[in-house]
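Engineer: This is the structure I have questions about; it appears just below.
The values are calculated or read from the model by the stated rules, or taken from the named source; none is laboratory data. Worth saying up front: this structure is predicted, and the values here are computed from it rather than measured. We place every Cβ from the backbone using ideal geometry, glycine too, and count neighbours over all the protein chains shown. What goes into the accessible areas is simple: the full protein's heavy atoms, side chains included, and nothing from ligands, DNA or RNA. Shrake-Rupley method; radii C 1.70, N 1.55, O 1.52, S 1.80 Å.
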Amino acid sequence: MTRYNGLAAPEKSIQSVRCVQAEKGALQRANALKQRSQGKRGHIISEFRSQTVNASTVSPPILPAHSAQVAFQAAYSPIAPTVERNDSEAASPASSSALQYSKEFFLDLIPDYAEGVYPVQPVIAEYELRQYIEIMDTDQDVRSFIYAFGGCTLNLTRYGDRRTDEVVKTIENLMDYSIESMRRAHKHFHFSVMRAMQSMFIHNCLMSLQASDAAFYYMRDAISIIQLLQIDNPDMTVALSPPERSRRQRLYWQAYIHERFVAILNYRRAILPPLYTLPEDDATIPIQVHEGFNQIIKLFRLLDTEFLNSWLDSQGGSVTSTWVEAKSRELEGDPEVDARELAMLSMMQRADLSITREWLRTLVWRLAMGQTLLSSRSSKECLSLLFPVRLSQTLRQQVSNMSRQDIEVHGSSITQKLFEITDTIADVLIHVPAATIEETALRIDDFLFILDFVLLFPQLDQTRRGILLEKLERLQTMFPQAVSNASSPNLPLDLHSPGANDPWYHVTQSKTAAGLEDMADGLAHVPTHEAPRSNAEVKVGQLATWNDISRRLSMQVATFGNT
C-alpha cells in the first residue's frame, strides 16, 4: 500500500501513475522542441492532456534616492551626443497622427513610471525622461524612444478595470509610432543605453499583446546594442563613472532576465552569459530598487546553461535526482537571510520574487517528471508527485497577503508564471487523485482559489484562459461532490456544484455511462397516470436535455472567460 498525504491508496494506482509518467516523458521528449505557440509549448504533465481529454497590503514607499543623485545629474547628461548626418538623414517631424500625444501627456506618465516600471527596469531615471521629453520635438531618436516609454508605462500600470480597450489601443499606437520612427542602423549610427531600452520597452508591449515572435526580435535587438556597448568587458567600462557603469550593468542583467524567461516560455536559445558581476552599488538610485533588482537577478541566475540545455533537450539533458535536489536547495535558499532581504523591499517587489521562486520550483519539478524521477513515496518534496499540491497551499497563503496591484503591475510575465503554476496543479489533481473525497475537496479548494485569482488577469490570453477553464470542467466532471465543497467567491455561480439539483451535476452524470444508467433508473419510474417509457427512451431524451444544458453552460463559461 502507498499513501497520499497519509491516506491509503491501492498499489495498482501507483503503478498506473508511473506508467503515466513514462508516457508523459516520452511525449515531452518527442514534442518539446516542436511546440512554440502559446498554450502548446511542452508542458510535461499537460502533454498527457491531449491524450486523455475527451485583503490588500499597503506597500512601504520606495526610499528616496541619496543626495548624491543631485551631483550626478549635474555631471552626467543622458542626452546622446550629436551625430553628424546627411541632409537626407535629418530628424523628421512627428507624424500628424502622433501629434495627439503632447509633452504633457508623457510628463503625466512619469509618476506611474517611477512607481510601476523603474523598480523592475531600473535603467532610465525620472530626471532623464524629463530631459528627453523637453527635446523630443527636435530629436527624432529621442521622440521615438519617448513613444516606447509611454507605451510600456501604460502597459505595466494599467490593469484591472483601468485596462480598457481604449488603453490597449493607445499602447499599440505608441508602440507602432516608436517602431515607425526608429532610425535604421547606418554607418554613423549611435548605439546608446536609450536605444537599447527603447527595444526593451517595445519587447515588453509586444509580449503583453501576444506577439511573441516580434517581441523576440526586439529583445535580440536590445541585446545586440548591449553587446556593441561592450558592457561585459571590464576594460571598456572602467573609464565610466561608477553610476553609469552600474546603470549599464543593470541594463545587461535586465536583458539577461528577459532572455532567460523567453527561453523557457518559447523554447528559444539564450545567448547572453551571466555578467561577471552584480550591479555595483549606486548611491543615485533608491536602495530598495537596487536590492530588489539584485534579488531577482540571483533567482534568474539559477536558469544556468545546464538548466536551459535540459529544458530544451528532447532527451532531458543531464537531469538526475541529485541535480533536482541540488537545484531545489538553491531555490529554497536560507529562510533567515531571505526574510532579512525581503523585509526592506516593497510588496510589489516581494510579489515578483515570491511568485518567480515558486515558478522556478515548478520548472525543476517538471524536468524531474519528464525523466520519471518522481514518486508518491519520496520523502523529498522536490521528488514527490504531490509537490504541486503542496505548492498550491503555499501560493494561496502568499497571494492572500498581496494586493492584486502588487502582482498585476508586473504585466504579462507574472501572468504567465501564475498560469504555468496553476496549469501544473490542475494536471496533478487530474492524474494523481486523492484517496478520499475529503482530501480531494481540500486540494480543489486551494486550486480554485488560485484559478479564481488568475482568471481575472486581463493579460491572460484566450488560449491559456481556455486551457484552464477546460481543466476546471474536467475536474468538475471527475469530482462533482468535491467541487461542491470548495470555495471560490469570484467564479460565477454556474461553476459551483451545490448538489444534485445543480445542472453541472447532471452534465457530469450525462458524460459517464454509469451516470446515464443512474439517471435512466431514476427517471424511468414515472407517475402511474403517464405511459411507461423504456430505459433506452429515457437515456436518449435525458442525454439530449443535459447536452443542451452543457452547451448553454459552456457559452456562459466562454462569456466569463472574455470578461
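Engineer: Starting from segment 142-158, keep only residues that are under 19 Å from Met182 (Cα atoms) and open to solvent by 10 Å² or more (accessible area, probe 1.4 Å), then list their pairs with residues that are part of a helix (DSSP H, G or I) and of a type in the set (Asp, Glu) whose Cβ atoms are within a distance under 7 Å, requiring at least 6 positions of separation or different chains.
Structural biologist: From residues that are under 19 Å from Met182 (Cα atoms) and open to solvent by 10 Å² or more (accessible area, probe 1.4 Å), there are no pairs.
Engineer: For Glu128, indicate whether it is outside any loop (DSSP other than H, G, I, E, B) and open to solvent by 10 Å² or more (accessible area, probe 1.4 Å).
Structural biologist: Taking the combined requirement at face value, the residue does not satisfy it.
Engineer: In segment 295-334, what residues are among the acidic types (Asp, Glu), at pLDDT 90 or above and farther than 17 Å from Ile264 by Cα? Break it down into steps so the answer makes sense when it comes.
Structural biologist: Initially, segment 295-334 is screened for residues among the acidic types (Asp, Glu), giving 304, 306, 313, 325, 330, 332, 334.
This time we only want the ones that are at pLDDT 90 or above, so: 304, 306, 325, 330.
Within segment 295-334, Glu325, Glu330 meet the criteria.
Engineer: Further, regarding this structure: Which ones in segment 142-165 are on the phi < 0 side of the Ramachandran plot and either modelled with pLDDT under 95 or among the polar types (S, T, N, Q) (or both)?
Structural biologist: Ser144, Thr153, Asn155, Leu156, Thr157, Arg158, Tyr159, Asp161, Arg162, Arg163, Thr164, Asp165
Engineer: Ala435 fails exactly one of the following numbered conditions: (1) farther than 29 Å from Gln210 by Cα; (2) open to solvent by 20 Å² or more (accessible area, probe 1.4 Å); (3) in a helix (DSSP H, G or I). What is the number of that condition?
Structural biologist: Only one criterion is unmet by Ala435, namely (3).
Engineer: Pairs only if they're at least six apart or on different chains, beta carbon under 8 angstrom, first in segment 266-278 and among the hydroxyl-bearing types (Ser, Thr, Tyr), second outside any loop (DSSP other than H, G, I, E, B) and open to solvent by 40 Å² or more (accessible area, probe 1.4 Å); list them, first residue then second.
Structural biologist: Once the first residue is among the hydroxyl-bearing types (Ser, Thr, Tyr) and sits in segment 266-278, its partners that are outside any loop (DSSP other than H, G, I, E, B) and open to solvent by 40 Å² or more (accessible area, probe 1.4 Å) give Tyr276/Pro234.
Engineer: Shifting gears a bit: Can you pull out the residues in segment 321-370 that are closer than 19 Å to Pro388 by Cβ and aromatic (Phe, Trp, Tyr)?
Structural biologist: Scanning segment 321-370 gives Trp359, Trp365.
Here's the yes/no breakdown for (1) open to solvent by less than 50 Å² (accessible area, probe 1.4 Å); (2) not hydrophobic (A, V, I, L, M, F, W, C):
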residue	(1), (2)
Pro274	no, yes
Ile285	yes, no
Phe300	yes, no
Ser310	yes, yes
Trp323	yes, no
Leu353	yes, no
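Engineer: Regarding Ser376, is this residue touching a Leu at 6+ places or on another chain (Cβ under 6 Å) and modelled with pLDDT under 90? Before the answer, list the steps.
Structural biologist: Working: touching a Leu at 6+ places or on another chain (Cβ under 6 Å): yes; modelled with pLDDT under 90: yes.
Against the criterion (touching a Leu at 6+ places or on another chain (Cβ under 6 Å) and modelled with pLDDT under 90), Ser376 qualifies.
Engineer: Still on this structure, please answer the following. Answer yes or no as to whether Ala214 is open to solvent by 10 Å² or more (accessible area, probe 1.4 Å), within 23 Å of Val262 (Cα to Cα) and part of a helix (DSSP H, G or I).
Structural biologist: Considered against the rule, which asks whether it is open to solvent by 10 Å² or more (accessible area, probe 1.4 Å), within 23 Å of Val262 (Cα to Cα) and part of a helix (DSSP H, G or I), Ala214 comes out as yes.
Engineer: Spot the failing condition for Val289; the list is (1) within 22 Å of Leu373 (Cβ to Cβ); (2) of a type in the set (A, V, I, L, M, F, W, C); (3) open to solvent by less than 10 Å² (accessible area, probe 1.4 Å), and only one is missed.
Structural biologist: (1)
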